[in-house]
Structures are given as structure tokens and as C-alpha cells.
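These notes concern the structure reproduced below.
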Amino acid sequence: MQGKFARAAAALCAGAMLLTGCGGTENAQQTAEKVRLMVWSPSEDQSQSSGQWLQTCCERFAEMHPEWDITFVYGVADEASAATAVAQDPEASADVFLYANDTLTTMTDAKALAKFGGKYADELKATNSETLLDSLTLDGYIYGVPFTTNTWYMYYDKRVFSEEDVKSLDAMLEKGVVSFPFVNSWYLPAFYFGNGCTLFGDGTQEELGADFGGENAVEVTEYLVDLAANPNFKIDQDGSGLAGLRDGSIHAIFSGSWDAAAVREILGENMGVAALPTYTLNGEEKQMYSYAGSKAIGVNTSTDYMVQAVELAMYLGSAEAQQLHYELRGVIPCNTELNEDPAIAADEVVRAQNDTFDRTSKLQPFVAQMNNCWTPVENMGKAIRNGTVTKENAAEQTKAMNDAMNSDGI
């Protein structure tokens with residue numbers, strides 16, 4: 001295990017912090033099983049300024065289990081990069097780590113991510129929605145403990161838009177300025193999904209490919225050409241949306257929980273949060289749909305302490321740990337019982353995220369072919385912005401985007 005720790009610490013360039021947690025009497029400590037668990041999380045979960053969520057939870061876990069004399073080794077890895085490290089070298093990686101669900105197959109392909117079955121699967125099913133668990137399920141197996149949903153929605157200035165206005169993008173564009181991440185391929189598909197375009201059937205049927213090239217997709221491209229030309233529509237890029245909210249030139253942006261604190265600091269009591277609006281296409285209302293996913297606690301199949309690692313993962317995703325995560329860092333809970341707590345349910349960011357996840361989102365596919373979809377959609381957004389995609393060539397350009405999404409090239 002010393003070699004495992006040294007290699008991981010070098011790979012992550014993170015100083016290791018050691019903490020031994022044990023409870024009970026001196027005699028119990030002497031007979032407790034010695035356990036060493038390496039745990040990775042983003043730096044924000046470990047910083048003193050954010051309340052050291054990870055260390056606090058691990059200390060509590062150790063106190064709950066005096067039968068184990070646990071040494072925790074902490075390393076820094078965010079939810080996106082953890083999967084790459086675990087897949088490349090499981091032996092040198094953490095026993096327990098946080099990861100984003102769209103990286104799941106990176107680890108399962110390397111046989112580095114543990115399955116949660118039996119009593120653990122039963123507990124997960126009892127405390128999470130079916131849609132949420134679907135985001136962590138592959139071939140019938142659950143691969144991790146969810147601790148938050150991951151999607152985006154809308155922030156707006158209540159002085160400009162009413163609750164009725166924000167149900168319709170068209171109504172909003174008549175009253176104020178709306179900013180949208182038009183050249184970001186995590187956001188732009190919202191309009192194509194609204195008119196019936198699909199990715200890999202239900203998201204898992206890779207053989208069906210991307211369906212972003214039919215007449216329904218062309219109609220969306222034509223709509224987007226007009227949208228980009230609307231003087232009340234601004235492209236959000238490199239923080240321009242938040243900057244516009246701050247100086248009053250923009251009245252609504254599309255983002256997620258990560259920007260909640262910044263928006264609240266700018267708008268204060270005038271901050272509104274809502275699920276995605278509809279837009280009007282050829283005289284018909286269409287619902288925008290965001291990508292949705294989750295973040296979870298995973299367990300490395302190479303751990304020497306599988307029982308303890310799984311138990312720790314379950315605790316880090318428990319209602320108690322999620323509540324602390326919410327209190328310290330504003331991480332939106334996903335535990336169904338916790339979200340019924342009146343104090344949490346009253347938070348409009350929580351409501352908007354849950355409403356979007358449940359009603360106006362599509363689970364982001366994590367089939368391998370999905371990797372080929374990002375750049376063509378981004379290029380479409382940029383080409384519309386730059387004026388190289390027009391209504392006259394929309395059909396041709398939409399087909400080219402779809403062809404690229406269904407190939408191994410761009």
C-alpha cells in the first residue's frame with residue numbers, strides 16, 4: 001500500500017494528509033482491524049474555507065466503526081479527471097473517489113469500477129429516483145452511490161421577468177435580454193431535443209446513432225439562425241452572462257448550481273430560478289431539454305479493503321453526508337427523503353434543479369460514440385454565430401453535423 005500511495009500522490013501532485021480515525025476503548029483499538037483507505041475528491045471538498053466536507057465525513061465514519069482502525073489518505077481529483085486516473089492505473093489510484101456519471105464507461109471498460117449489489121443496491125433504490133439510478137446503471141448493475149444530480153436551468157432577474165414570463169423563451173425575449181451558451185455543445189442540443197431529435201435511441205442504443213439530421217433538425221437550425229440574430233439574445237461565453245447580469249445589460253442566463261452563489265451575490269432578493277422554458281417553432285410550442293447526469297461516489301475494484309470502501313462510499317452518499325455537503329458547499333441533494341425536508345425544499349435552486357432533472361431533461365448518453373457528438377454540435381453553434389450557417393444552407397449544414405456525429409471523425 002505504501003507504493004500505491006506514493007505513485008498516486010506523485011501522479012496527482014497533491015500533498016497527502018493522514019488521519020487515523022478510531023473509536024471505542026483502548027482495548028477495542030488494540031483489537032480493531034487496521035484499514036488504510038485512500039480517498040479522492042475535488043479540492044473544494046477538502047479546503048478549510050469550505051468546511052472540509054470530506055475530512056469531516058470520514059472522521060464521522062471512523063467514529064461509527066470502532067471495529068476498524070482506519071487511516072485515511074486524502075488526494076485531490078475532481079469528478080471529471082478521477083475516472084481517467086482510475087482507469088489508467090487502478091493499483092495506484094484511490095480506493096474511494098467522486099466521479100461524474102458520463103465517465104462511467106471509462107472505468108467499466110478498464111474493469112476498475114465496483115458494482116453495488118445486494119443490500120447496497122436495495123438501499124440505493126429506496127433512497128433515489130429510478131431516473132437518477134439509471135444514470136449510474138450499465139447492463140443492469142449500479143456503479144456507485146449518487147450524491148447529486150448534474151444539469152442546468154435558468155437564472156433570471158425578477159424585476160424584468162415574471163414567473164409566467166419565464167415559461168416561454170419568446171415572452172422573455174420580448175421583455176428583456178437573454179444570454180445562452182450557444183457555442184457550448186452541452187447546452188445547444190436543448191433546442192434539437194425539443195423538436196424530437198434523439199441520440200442513440202433511449203441513450204443506450206449505440207447502434208441507432210445520432211438522429212440530428214432530419215427535417216425536424218433542419219427546422220431547429222433555421223430557428224437558431226433567427227435566434228442568434230435577435231438583438232435581445234446574447235451568446236454567453238467566457239463569463240459574459242454573469243458579467244451582463246452584474247452590469248444590468250443581461251437579465252437571464254442558463255447555468256447550474258455551480259453559479260448559484262455568484263448569481264445570488266449579483267441579484268440578491270431579485271434572483272429567480274426556473275426550469276427550462278419552451279420556445280416557438282413554426283407556430284408550435286416546443287419544450288427545451290437539458291442534458292442530465294449525476295455525480296457519484298465510486299469504489300476501485302483494486303482496493304484491498306472492499307467492504308470498508310463500499311461502506312464508506314455508502315456513507316459519503318448518505319442523507320447525513322449530503323445534508324452537510326449542501327450546508328457547506330451548496331451541493332444539491334438527490335436523496336429523496338432529504339429533498340422532502342422543508343428547509344431544503346424551500347430552496348428555489350434545489351426546486352429548479354430537481355424540476356429540470358425530473359421534467360425537462362434527457363439523460364446524457366455515456367455510450368462510446370457519444371464522444372463523437374460534442375465537436376460537431378459546438379461547430380454548428382460557432383458557424384451560426386459567425387454567419388456561415390444560414391437559412392439557405394441550413395439543410396446541408398445540419399446533415400453535415402449529423403454525419404460527423406455518426407462518424408469517428410469531425
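Every number here is computed from the coordinates shown, using simple stated rules; none is lab data. All values derive from a computational prediction rather than experimental measurement. Ideal geometry is used to build each Cβ from the backbone, glycine not excepted, and the neighbour counts take in all protein chains shown.
Brief remarks follow.
- Stokes-Einstein D in µm²/s, Kirkwood radius over Cα pairs - the stretch 251-410 at 37 °C with 0.692 mPa s viscosity: 169 µm²/s
- Against the main long axis of the alpha-carbon atoms of the chain, helix 306-316 sits at an angle near 50°.
- Counted by neighbouring Cβ atoms within 10 Å, the residues Trp186, Trp152 run from fewest to most as Trp186, Trp152.
- Relative intensity, log₁₀ I(q)/I(0), of the stretch 72-200 from a Debye sum that treats every alpha carbon as a point, q = 0.12, 0.18, 0.19 Å⁻¹: -0.68, -1.06, -1.11
- The Cα trace of the stretch 181-314 gives Rg and Dmax of 19.7, 61 Å, the first to one decimal, the second as a whole number.
- Partners of Lys158 within straight-line reach, counting aspartates and glutamates whose Cα lies under 20 Å from its Cα and excluding those fewer than 8 residues away in the same chain: Asp170, Glu174, Asp236, Asp247, Asp259, Glu265, Glu269, Asp347, Glu348, Asp355.
- Helix 394-405 and the longest principal axis of the Cα set of the chain meet at an angle near 20°.
- Against the main long axis of the alpha-carbon atoms of the chain, helix 53-64 sits at an angle near 40°.
- Magnitude of the charge dipole for the chain, about its Cα centre and with charges confined to Cβ atoms of Lys, Arg (+1) and Asp, Glu (-1), is about 660 debye.
- Cα pair count fraction exceeding 26 Å, expressed as % - the chain: 57 percent
- Database remark: amide H of Leu281 closer than 5 angstrom to the amide H of Lys286 (H placed geometrically; neighbours at sequence offset of 5 or more, or on other chains; Pro and chain starts carry no H).
- Taking other C-beta atoms within 10 angstrom as a stand-in for reagent exposure, Ser47, Ser93, Ser41 fall in the order Ser47, Ser41, Ser93, fewest first.
- Considering only beta bridges that DSSP places wholly inside the chain, some 65 percent are antiparallel.
- Partners of Lys234 within straight-line reach, counting lysines whose Cα lies under 17 Å from its Cα and excluding those fewer than 8 residues away in the same chain: Lys175, Lys382.
- The ranking of Ile70, Ile235 by Cβ neighbour count inside 10 Å, starting from the fewest, reads Ile235, Ile70.
- Across the chain, the relative contact order, built from alpha-carbon pairs under 8 Å that are at least six residues apart, equals 22 percent.
- Couplings 3J(HN,Hα) for the stretch 375-392, derived from phi with the Karplus relation 6.51 cos²θ - 1.76 cosθ + 1.60 (θ = phi - 60°), are 5, x, 5, 4, 5, 4, x, 5, 5, 5, 4, 7, x, 7, 9, 10, 5, 5 Hz, where x marks Gly and Pro.
- Whole-Hz Karplus values for the stretch 32-40 come out as 5, 6, 6, 9, 10, 10, 8, 10, 10 Hz, taken residue by residue from phi with 6.51 cos²θ - 1.76 cosθ + 1.60 and θ = phi - 60°; glycine and proline positions read x.
- Mean residue ellipticity (222 nm) of the chain, computed from DSSP H runs ≥ 4 via -39,500 (n - 2.57), nearest 500: -11500 deg cm²/dmol
- The charge dipole of the stretch 201-240, taken about its Cα centre with unit charges on the Cβ of Lys, Arg, Asp and Glu (plus for the first two, minus for the last two), comes to roughly 280 debye.
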